Amino acid sequence: MPHIIAVTNQKGGVGKTTTSVNLAASLAIRRKCVLLIDLDPQGNASTGSGCQKDALETSVYHVLMQNKNILDVVIHQERAGYDLLPANEELTVAETALLKVDGREYQLQKALKNIGNSYDYIIIDCPPTLNTLTVNALVAANSVLIPLQCEYYPLEGLSGLISTIQELQEWVNKDLYIEGILRTMVDSRSRLSIDVTKELYEHFAAQLLKTVIPRNVRLAEAPSFGLPALYYDAKSPGAKAYLELTDEILARIKTRRTEQQKQLATA
């Protein structure tokens, strides 16, 4: 079965979509079969992957609200190297409509059962708010990746987000765990970045990823060309950092699986 990673943060502008798109592309570079799910009504992950979201006949909305088979909706993004379940503003309707659906938090999980072993990894780009769509992602996911801009406002909301994840673990997804906290838009010369990093090590050392995503103009430019940074400028610091992130996450997942196998063997 695929490993499903929800990329989420209740604070907007922290590099959530940039991380989703570039993690998906980096996993594909590492010869993994990848599906990127755009679960944000803004559809930024779709456009950043080269998809014309306004021209879509079907999207993730139809999967969630009309039980459309997910494999009939995904689009292979040749230039990006992965499959995409796209989104557009239609998904805004689903935010409200899902509130009337019994078992609404399980809609995405049920849809993903149709894909079997078609993918090694599924990346879900969540909305920048804790709504029904985000809950669907966290119920379906194995793990959560939290992009965090190295500033104090995003840092203030981190404890609340982790508490929410813990509540969901108790409520609907006991196997959900935090893949890691990813520092984004980091200026290594900035005193603020240094101070926030220090705070993170003091309070979240176990979850803090070693990889740091630098503030990089190429990462900001790439979406306007409908490309992940790896295909826009593979030599840029941002593209290299996302490859490093991917290798770190793959190593963490491998270690976790090895530990689980040992526990099963001794049980």
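A compact table of results
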item	result
The one condition in (1) surrounded by 14 or more Cβ atoms within 10 Å (Cβ to Cβ); (2) in contact with a helix residue (DSSP H, G or I) (Cβ under 7 Å, 6 or more places away or on another chain); (3) assigned to a helix (DSSP H, G or I); (4) not charged (D, E, K, R) that I162 fails to fulfil	(2)
Residue list for segment 37-66, filter: among the aliphatic types (A, V, I, L, M) and within 12 Å of A111 (Cβ to Cβ)	I37, L39, V60, V63, L64, M65
Residue among E156, E167 that is surrounded by fewer than 19 Cβ atoms within 10 Å (Cβ to Cβ), at pLDDT below 95 and under 22 Å from L39 (Cβ atoms)	E167
Residues within segment 122-149 that are more than 23 Å from Y61 (Cβ to Cβ), among the hydroxyl-bearing types (S, T, Y) and surrounded by 22 or more Cβ atoms within 10 Å (Cβ to Cβ), tallied	0
Single unsatisfied condition, K210 versus (1) surrounded by fewer than 18 Cβ atoms within 10 Å (Cβ to Cβ); (2) modelled with pLDDT under 95; (3) within 15 Å of P147 (Cα to Cα); (4) not hydrophobic (A, V, I, L, M, F, W, C)	(2)
Close pairs (7 angstrom Cβ cut-off, 6 or more residues apart or separate chains): closer than 15 Å to Y121 by Cα in segment 249-267, assigned to a helix (DSSP H, G or I) and among the basic types (K, R) anywhere	none
Some residue of segment 143-157 being more than 17 Å from the chain's Cα centre (by Cα), under 30 Å from V217 (Cβ atoms), free of Cβ contacts under 8 Å to residues at least 12 places away in the same chain and assigned to a helix (DSSP H, G or I)	yes
So A87, is it at negative phi, under 19 Å from the mean Cα position of the chain (by Cα) and surrounded by 23 or more Cβ atoms within 10 Å (Cβ to Cβ)	yes
Restricting segment 65-84 to residues that are polar (S, T, N, Q) and surrounded by fewer than 18 Cβ atoms within 10 Å (Cβ to Cβ), the residue that is nearest to A24 (Cα to Cα)	N69
Per-region count, segment 170-193, residues aromatic (F, W, Y), at pLDDT below 90 and either closer than 30 Å to K240 by Cβ or in contact with a strand residue (DSSP E or B) (Cβ under 7 Å, 6 or more places away or on another chain) (or both)	0
Qualifying residue in segment 22-30 (condition: in a loop (DSSP other than H, G, I, E, B) and touching a helix residue (DSSP H, G or I) at 6+ places or on another chain (Cβ under 9 Å))	yes
Output for segment 97-121, where each listed residue is among the β-branched types (V, I, T) and surrounded by fewer than 16 Cβ atoms within 10 Å (Cβ to Cβ)	V101
Which numbered condition A220 misses (of (1) in a helix (DSSP H, G or I); (2) out of contact with any Lys or Arg (no Cβ under 7 Å at 6 or more places or on another chain); (3) surrounded by 18 or more Cβ atoms within 10 Å (Cβ to Cβ); (4) not polar (S, T, N, Q))	(3)
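The values are calculated or read from the model by the stated rules, or taken from the named source; none is laboratory data. Just so we're clear, the structure is a prediction, and the values are computed from it rather than from any experiment. Note: ideal-geometry Cβ built from the backbone for every residue, glycine included; neighbour counts use all protein chains shown.
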